[in-house]
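The values are calculated or read from the model by the stated rules, or taken from the named source; none is laboratory data. Owing to the predicted nature of the structure, the values given are computational and were not obtained by experimental measurement. Every residue, glycine among them, receives a Cβ derived from its backbone with ideal geometry; neighbour counts consider all protein chains shown. Side chains are part of the model used for accessible areas, which takes the heavy atoms of the whole protein and leaves out ligands, DNA and RNA. Shrake-Rupley method; radii C 1.70, N 1.55, O 1.52, S 1.80 Å.
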Amino acid sequence: QVQLVESGGGLVQAGGSLRLSCAASGSIFSINTMGWYRQTPGKQRELVAAITSGGRTNYADSVKGRFTISRDNAKNTVYLQMNSLKPEDTAVYYCNVDQGPADEYWGQGTQVTVSS
């Protein structure tokens with residue numbers, strides 16, 4: 001089992017910045033993908049950004065150039081630096097660790113609210 005603890009959400013004005021963190025513990029493999037998803041009421045959860053243990057990144061088009069995902073493998077922690085935030089970035093953000101089939105985990109979610 002893997003436990004994920006998220007932090008860093010909150011309320012910010014448009015144009016501001018926030019940094020999300022997610023610390024993983026438990027049965028963490030050295031090879032995995034860590035990422036951030038977000039969800040708003042009535043919509044499906046969508047990928048925001050992901051990073052492999054080798055450092056390869058993938059971003060949603062809507063956040064490219066504004067968000068940066070990074071990870072510290074020694075600490076099993078993934079970060080999401082969010083700059084130039086927009087009201088449409090408002091959502092619950094979920095941390096995700098994918099270690100293969102039937103071995104995927106989610107955090108409890110952290111609210112990010114961007115006021116206009």
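Whenever you get a sec, line up PHE67, PHE29 from highest to lowest accessible area (probe 1.4 Å, protein heavy atoms).
Final ranking, largest accessible area leading: PHE29, PHE67.
Where nothing but the Cβ of Lys and Arg (+1) and of Asp and Glu (-1) is charged, how large is the charge dipole of the chain around its Cα centre, in debye to the nearest 20?
On the way: 10 positive and 9 negative charges, 53 e Å.
Once rounded to the nearest 20, the dipole reads 260 debye.
By how many nm would the segment from GLU104 to SER84 grow when fully extended, if each residue of separation counts as 0.36 nm and the alpha-carbon distance is taken off?
Values: separation 20, 0.36 × 20 = 7.20 nm, distance 3.03 nm.
Gain on extension, GLU104 to SER84, equals 4.2 nm.
Pull up the cross-link candidates among the aspartates and glutamates for LYS75, meaning alpha carbon to alpha carbon under 17 Å and not fewer than 8 places away within one chain.
GLU6, ASP98
Using alpha carbons only, how many angstrom separate the centre of the stretch 15-38 from the centre of the stretch 73-99?
Spelled out, the Cα-based centre of one part sits 6 Å from the other.
Within the stretch 8-36, list the residues whose amide N lies under 15 Å from a label point set 7 Å along Cα→Cβ of SER62.
Residues 36 qualify, since their backbone N sits under 15 Å from the label point.
For LYS43, go through the lysines and keep the ones whose alpha-carbon is under 24 Å away, minus same-chain ones fewer than eight residues off.
Those lysines meeting the cut-off are LYS64, LYS86.
In square angstrom, what is the accessible area per residue of the stretch 9-116 with a 1.4 angstrom probe?
Details: 5670 Å² over 108 residues.
Accessible surface, normalised per residue, equals 53 Å².
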